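The values are calculated or read from the model by the stated rules, or taken from the named source; none is laboratory data. Because the structure is a prediction, the values reported are computed rather than measured. Positions of Cβ are generated from backbone atoms using ideal geometry, with glycine treated the same way; all protein chains shown enter the neighbour counts.
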Amino acid sequence: MRFIMLFITTSILLLAAPLPLVFIGNKKLSDSALYEALGLHKPYAIEIWEDKPAIEPIAITQSISALSSFYRAKGFYHAKITSDTKEEKIIFTIEENNPILISDITINSPINIKSAISLHTDEPFDQEAFSASKSEIKKRYGQAGYCNGSFNSKAWVDIEQDKAYLLFEATPGEACTFGTIVADSTPNIDGNLTASMLRFKEGDPYSIEAIRLSYEGLYAQEGITRVVINDNERIGNSVPITLNIEEDERPIRFTAGAGYSSDQGFAAQSGIKHRNFLGNLKTLSLDAKYSQIKQEASSTISMPLQNRAVLGAQLGYTNEIFSGYKSRSTFEKFTAKYQDIPASAMVGFLLDQVKTYDSQDTTTFPDNKLSLVSPIGELNYDKRDKPLDPTKGYWLNATAMGSLFTPQISDATYFKTLLSGAYIKSFDTQVIATRVKWGTLRVYDGSVPSSYRFYAGGMNSNRAYTYRNLGPKNSDGDPIGFYTLLEGTAEYRFPIYGLFRGVLFSDLTFASQTYIPNYATDGYWGVGAGLRYVTPVGPVAFDVGVDPNDVTQYAIHFRIGELF
């Protein structure tokens, strides 16, 4: 009797034990999509510690039902799914059969909403895309200022003919405006401050895009954990707004990390930040960073003001190793910034005390200690869809700094600028990306530190060369830097298989000691290819570049995230 009970118990445990599952026959829908439909995650190739997706045998019938519903939602009304258990794994065999194809799409709308509809004729009828299209149409009307529009979307499915007929109708109604704005305060954050961070004010045309940008701006404040912008009420064509926020109950955050890049080698960092220091979203942070060529320590305080203005101050120290010399800097920076989306502007002052030491060539890299008091400014405009892995959009950036020679205060009259921009365009799953940057350094009186010069080469520059190793060198073989730098990059990014992507690139650099390069003799060209592996934190990138005019000149680069 005891043996029988043990046998029964063991059998039940075996039946209940989760078994890995595999899919056979699915061609239109990927394994990852099917795992996700079952609430499972297929581990990335780098997640070697994760187990393969598995389910309990008792859940097979329920899983078949879930997969059938998923196929139906994707337009495969005739899909058939069966299961079998072999060699301690569950096998789902799928016959996808012919999908329901969209035969016709009718649109009745005074506003052009064609691009809001993600479905197309002769494609499978995707119910999720149909619902998303309805939501996007409402969003487009909201962006146009119509908050009381009426919408009608229908789908007729002919299972016998495997055809679907879609209708999208919309009537705008009267244009709306934002009404009274009421912002609640929290114990440590004034509601008037958060209300001023909204991207709209009372009387402005109603816009869903303005509300979305307001969410982004408020969530960018690290002391805020939750934002609710209630725009559900209607008073005629007026939309009253109620703003509620929740402040972080644990405003102190510790951070630490480590990594590696081909430019700076091994790197580590740590820091502590109070994200609501003395209330009203002021922040105070202490940070330390270490890499094989640069060590940094800094303390930063920032204070948000009304209408998206921010005052900031930073005290810092850096020690950096250049080829042929070292540079040590103690600096204080004071800034005033107008922070908006997608544009921002900053002005300020930089007090920089720089010591150049351990120089092996004191003519090219003088050992000295210089002080510079430099007004600084920056303009930025960023319309990319994703900062780490952009597929469309563009960005523009302009920075400038300079100083006047003044005894006992500033050791040089100089002016330094850097203008840069990029444009990214997608074609289905392929991406064309271009970038250009132009920098100049003009010294009119006195001396600036050698570290203020431009250097080129590396993963963020010309990839045929290693970090800061492009251009003329002194007798010791150390790069001497430039007073003018013009660089352009073009990339073609394309999928390979699964989470792997490829890139072909061309980098062109013009660099000179004079203020205007000789474009016939001062050019450096690099071409190459790279591999990307997509991860949740951005693509892991591996690039190999070579100078086509000298194939012995090449470099290998590694980083996380696209260049631009």
Please tell me if Arg234 is touching a residue at least 24 places away in the same chain (Cβ under 8 Å) and closer than 23 Å to Ser344 by Cβ.
-> no
Are there any pairs with C-beta distances below 9 angstrom linking a residue in segment 196-217 that is buried (at least 16 other Cβ atoms within 10 Å of the Cβ) to a residue that is in a helix (DSSP H, G or I) and among the β-branched types (Val, Ile, Thr), with the two at least 6 apart or on different chains, and if so which?
-> Leu198/Ile211; Arg199/Ile211; Phe200/Ile211
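Residues checked against (1) touching a residue at least 40 places away in the same chain (Cβ under 8 Å); (2) in the same structural domain as Gly223 (by TED's automatic domain parsing); (3) hydrophobic (A, V, I, L, M, F, W, C):
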site: Thr255; (1), (2), (3): no, no, no
site: Gly259; (1), (2), (3): yes, no, no
site: Ser262; (1), (2), (3): yes, no, no
site: Ala268; (1), (2), (3): no, no, yes
site: Ile272; (1), (2), (3): no, no, yes
site: Asn276; (1), (2), (3): yes, no, no
site: Asn280; (1), (2), (3): yes, no, no
site: Asp287; (1), (2), (3): no, no, no
site: Ala297; (1), (2), (3): no, no, yes
Subset of segment 173-187, residues under 20 Å from Leu281 (Cβ atoms) and crowded, with 16+ Cβ neighbours inside 10 Å, comes to Ile181, Ala183, Thr186
Restricting attention to segment 363-398, and to residues there that are acidic (Asp, Glu) and at pLDDT 95 or above, which single residue is farthest from Leu213 (Cα to Cα)?
-> Asp367
Can you name the residue in segment 411-434 that is in a strand (DSSP E or B) and charged (D, E, K, R) and, of all such residues, is farthest from Asp507 (Cα to Cα)?
-> Lys416
From the option list Ile229, Ile235, Ile224, single residue qualifying as farther than 15 Å from Ile189 by Cα and either in contact with a helix residue (DSSP H, G or I) (Cβ under 7 Å, 6 or more places away or on another chain) or surrounded by 14 or more Cβ atoms within 10 Å (Cβ to Cβ) (or both) is Ile229
Number of the condition not met by Lys289 [criteria: (1) over 30 Å from Asn462 (Cα atoms); (2) out of contact with any Lys or Arg (no Cβ under 7 Å at 6 or more places or on another chain); (3) part of a strand (DSSP E or B); (4) charged (D, E, K, R)] = (1)
For segment 489-519, the count of residues that are within 29 Å of Pro536 (Cα to Cα) and outside any loop (DSSP other than H, G, I, E, B) equals 17
Looking at (1) loosely packed, with under 15 Cβ neighbours inside 10 Å; (2) assigned to a strand (DSSP E or B); (3) outside the structural domain of Asp162 (by TED's automatic domain parsing), can you tell me which one His41 breaks?
-> (2)
Pick out, from segment 306-410, the strands (runs of 3 or more DSSP E) lying fully within it that include 2 or more residues that are over 28 Å from Arg468 (Cα atoms) and touching a strand residue (DSSP E or B) at 6+ places or on another chain (Cβ under 9 Å).
-> 309-322, 325-339, 343-357
Could you list all residues from segment 203-220 that are more than 15 Å from Gln143 (Cβ to Cβ) and either touching a helix residue (DSSP H, G or I) at 6+ places or on another chain (Cβ under 8 Å) or at pLDDT 95 or above (or both)?
-> Gly217, Leu218
Residues in segment 50-58: is at least one assigned to a helix (DSSP H, G or I) and either surrounded by 14 or more Cβ atoms within 10 Å (Cβ to Cβ) or on the phi > 0 side of the Ramachandran plot (or both)?
-> yes
Failed item in (1) over 21 Å from Ser30 (Cβ atoms); (2) among the acidic types (Asp, Glu); (3) not in a strand (DSSP E or B), with Asp104 passing the rest | (3)
In segment 421-452, residues that are surrounded by fewer than 19 Cβ atoms within 10 Å (Cβ to Cβ) and either more than 17 Å from Thr484 (Cα to Cα) or touching a Leu at 6+ places or on another chain (Cβ under 7 Å) (or both) total 14
